[in-house]
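Input: a single structure, listed below in structure tokens.
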Amino acid sequence: MYPTLFSTPGVRQFAEQIDAERTRQLAKFGDQHHPDGTGLPIYAHSAVRYREQADRNAESGVLAWRDVLLEEVYEALAESDPAKLRAELVQVAAVCAAWIHDLDRR
């Protein structure tokens, strides 16, 4: 259906599924526009907290996908600069792709 554009294992299937979900969302809700709602101090505090938790769990050998995703999500929520927010959201998407790929390999 799609040309091969991705070299990372699992990313092509992830991208195809994201595309299909976006198609469903557009059909259901139309093209949406909302404020970001990011950059609040509580999110910056949470980003630090989740980063520290992920570091502790990594050092203890118990790092979970939950830890990695929450760290990235709160880093995104802490951002108010649109370019930096976009970069953080790309990182969130990449973590989701990695987690889904890990699930699929089990």
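The values are calculated or read from the model by the stated rules, or taken from the named source; none is laboratory data. Treat the numbers as computed from the prediction; the structure is a model and nothing was measured. Virtual Cβ from ideal backbone geometry, glycine too; neighbours counted across all protein chains shown.
Details
- Members of region 20-48 found to be touching a residue at least 12 places away in the same chain (Cβ under 8 Å) and not small (G, A, S), listed by number: D36, T38, L40, Y43
- Out of R66, R56, sole residue that is among the charged types (D, E, K, R), over 18 Å from the mean Cα position of the chain (by Cα) and surrounded by 11 or more Cβ atoms within 10 Å (Cβ to Cβ): R56
- Among the conditions (1) at pLDDT 95 or above; (2) surrounded by 12 or more Cβ atoms within 10 Å (Cβ to Cβ); (3) among the aliphatic types (A, V, I, L, M); (4) within 22 Å of R105 (Cβ to Cβ), A15 misses just one, which is (1).
- Residue match in region 30-40 (condition: of a type in the set (A, V, I, L, M, F, W, C) and part of a helix (DSSP H, G or I)): no
- Verdict on Y74 being buried (at least 18 other Cβ atoms within 10 Å of the Cβ), more than 14 Å from the chain's Cα centre (by Cα) and in contact (Cβ under 8 Å) with a residue 24 or more places away in the chain: no
- For region 5-16, filtered to residues that are in a loop (DSSP other than H, G, I, E, B) and among the small types (G, A, S), the residue that is nearest to the chain's Cα centre (by Cα) is G10.
- Enumeration of residues in region 53-106 that are farther than 28 Å from F6 by Cα and basic (K, R): R56
- Yes/no for E72 being assigned to a helix (DSSP H, G or I), under 14 Å from E88 (Cβ atoms) and acidic (D, E): yes
- Residues that are acidic (D, E) and within 17 Å of the chain's Cα centre (by Cα) within region 17-42 comprise D19, E21, D36, listed in sequence order.
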